[in-house]
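Heads up, the thing below is written out as structure tokens.
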Amino acid sequence: MPLHPDVHELYAATAAQPPVELERGDGALATAALLRLNNPVQKPLDFPGVRVDGHSLHCEGRTLPLRIYRPETDGPYATLVNFHGGGWVVGNLALDDTRCARIVAETGVMIVSVDYRLAPEHPFPAALGDGMTVLQWAAEGAAPFGANPARLGITGSSSGGNIAAGLALACRDRGGPRLAFQLLNYPVMDASLDWPSYRDFAAGFGTGRDMMAWFWDMYAGTAPRSHPYMAPLRAENLGGLPPTCIVTAEYDVLRDEGEAYAARLEAAGVPTVLARYDGMSHGFLSLPLGLAEKDAAITLSIQQVRAHLLPLVVRF
């Protein structure tokens, strides 16, 4: 179907502004380009029924900021660890505020959103290391926030979905922390940049081929781009991964690799739900638009979280 008219209008408005030239180290400019499109409103966080707290983990001489969303009711809570998008180079916790709060309000889980280190200053595997630190904390040390370590999931969007998928593989390979579910929104799964969707939607749909090539250059560093924790579609074996929900968008360079990953998961015996949203472009969940497709995708996420992370505890 055609690109949604509201999405088309948004892209037309941003295309009329001066372009941002991306060079190595121009993270501030890239952030400006991302925020120009997504325009998250920075304001005090006030979501009915949801508590939002800042927290920091101190490890290896550095501080890792977190944003924790919890129901106002008492725990224990199933926990979902979240990674924002932005090509591993840009983005911030604000991109996911509304979506995270809605999931918490409608499921009763706790979401821990990670302000992981960004490339090119911190290339692969820095973000993955940050993510593993948070997963281990959620599984072992987050009890003061009401976490139930037996019900732990992971989620991410775009490059954040890539980090989440890489971490799911790493958790499987090292025997923990045990994950009960992964939710991947239009994830980066491969570094080839050679899927049909890359040719069909190379420019004009938010994230294009040139921008993805630049993001990969920033993130990969000297590591081989076939590493399965960097490019999960290159993993030889996908068996033993947690039940998975993958959301893709019709007008997205990343569409085909996300759907190929879903097919491989299903072939490996992993319970998998794949949902493509026609007329949508990459990043539609964080666009400042009232889209029925966005609402439907978040509703699906809520259904999947309930199915795989709840119920928690039977009280007598």
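FYI, it's all coordinate maths here, none of it is from the lab. All figures in this text were calculated on a predicted structure; none of them were measured in a lab. All Cβ positions, even for glycine, are placed from backbone atoms using ideal geometry, and neighbour counts span all protein chains on display.
Observations on the structure shown:
- Against the chain, whose longest principal axis comes from its Cα atoms, helix 292-309 is set at around 30 degrees.
- Counting only Cα atoms, the size of the chain along its three principal axes is 60, 42, 42 Å, in decreasing order.
- Relative to one another, the C-alpha centroids of region 82-151 and region 245-272 are positioned 22 Å apart.
- Within region 180-283, the percentage of alpha carbon pairs spaced more than 23 angstrom apart rounds to 26%.
- Within the listed set A164, A249, A220, the Gaussian network model of the chain (springs between alpha-carbon atoms below 10 Å) gives the highest mean-square fluctuation for A220.
- In this simple spin-label approximation, D74 and D295 carry label points 7 Å from Cα along the Cα→Cβ vector, and these lie 3.6 nm apart.
- Per-pair calculated FRET efficiency, R0 = 45 Å: A150 and D194 via Cβ, rounded to 0.05: 0.65
- Estimated translational diffusion coefficient (Stokes-Einstein, Kirkwood radius over Cα pairs, 25 °C, 0.890 mPa s) of region 215-269: 195 µm² per second.
- Per-residue extension of 0.36 nm, minus the Cα-Cα distance of A143 and N237, leaves a gain of 30.5 nm for this segment.
- Full extension of the chain segment joining A260 with E121 gains 47.0 nm, where the gain is 0.36 nm per residue of separation less the Cα-Cα distance.
- Cα-centre dipole for the chain with unit charges at Cβ (Lys and Arg positive, Asp and Glu negative), debye to 20: 820 debye
- Using the Cβ-Cβ distance between R209 and R276 with R0 set to 25 Å, the FRET efficiency works out to roughly 0.80.
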